[in-house]
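For reference, the structure discussed in these notes is given below.
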């Protein structure tokens with residue numbers, strides 16, 4: 001049975017504390033099954049069945065439960081596997097990098113937004129966009145970079161949330177169909 005993954009924006013950062021058992025209960029209250037969280041940064045795995053308007057329902061339930069807006073980014077287990085295996089940069093580039101982060105967005109960015117993002121490339125930062133994901137290669141400590149998720153959202157004109165590639169790969173393995 002296919003799984004859905006929900007990546008939540010701004011959970012357990014900036015004073016927005018959400019306990020994982022409470023988060024699971026919110027998802028279960030929507031009739032979702034096999035609900036589990038993965039690390040305390042707003043990653044939720046579940047079986048959605050054929051739930052219509054899923055994103056809207058989850059965002060509304062989260063707002064009602066916690067009192068603040070929580071943008072939600074949904075991917076299927078198959079989409080996550082493709083994201084985890086996608087080659088956004090060469091092996092040589094990755095070997096020299098300090099971090100690779102993946103930002104989830106709702107829709108592919110406009111060509112103007114992509115062009116604007118690419119002007120932010122520096123000796124520290126590089127970017128690659130594929131479908132609804134932005135890959136950020138940071139060649140030094142992220143604290144040395146001037147780039148941020150807030151800057152990305154402003155450029156793209158839409159919300160986003162970032163995860164490190166290691167988290168994405170671990171989630172993809174966890175959600176892979178068991179044969």
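Where a number appears in this text, it was derived from the coordinates with a stated rule and is not lab data. Quick caveat: nothing in here was measured; it's all calculated off a predicted structure. Because the Cβ atoms are built from the backbone with ideal geometry, glycine has one as well, and the counts that use them run over all protein chains shown.
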What ranking do 86, 135 get, fewest neighbouring Cβ atoms within 10 angstrom at the top?
86, 135
Rounded to the nearest 500, the 222 nm mean residue ellipticity computed for the chain from DSSP H runs (n ≥ 4, each -39500 (n - 2.57)) alone is -10500 deg cm²/dmol
How many percent of all Cα-Cα pairs in the chain sit more than 29 Å apart?
21
For segment 86-175, projected area of the alpha-carbon convex hull averaged over all directions, nm²:
5.9
Based on other C-beta atoms within 10 Å, arrange 56, 76 from fewest to most.
56, 76
Would you mind checking the tilt of helix 20-29 against the longest principal axis of the Cα atoms of the chain, expressed as 0 to 90 degrees and rounded to 10?
60
With no solvent and one point per C-alpha, what does the Debye sum give as log10 I(q)/I(0) for segment 4-80 at q = 0.16 Å⁻¹?
-0.50
Taking Cα centroids, how far is segment 66-109 from segment 125-179 in Å?
4
Give me the number: length gained by fully extending residue 65 to residue 30, i.e. 0.36 nm times residue separation minus the C-alpha to C-alpha distance, one decimal in nm.
11.4 nm
Taking segment 1-133 and dividing mean pair separation by its residue count, relative contact order in percent (alpha carbons under 8 Å, at least six apart)
24
For a Förster distance of 30 Å, can you work out the FRET efficiency between the beta-carbons of residue 19 and residue 123, rounded to the nearest 0.05?
0.15
What distance in nm separates the two pseudo spin-label positions at residue 91 and residue 76, each 7 Å out from Cα along the beta-carbon direction?
3.1
So how far apart, in nm, are the two label points at residue 51 and residue 98 if each is 7 Å from Cα heading toward Cβ?
3.8
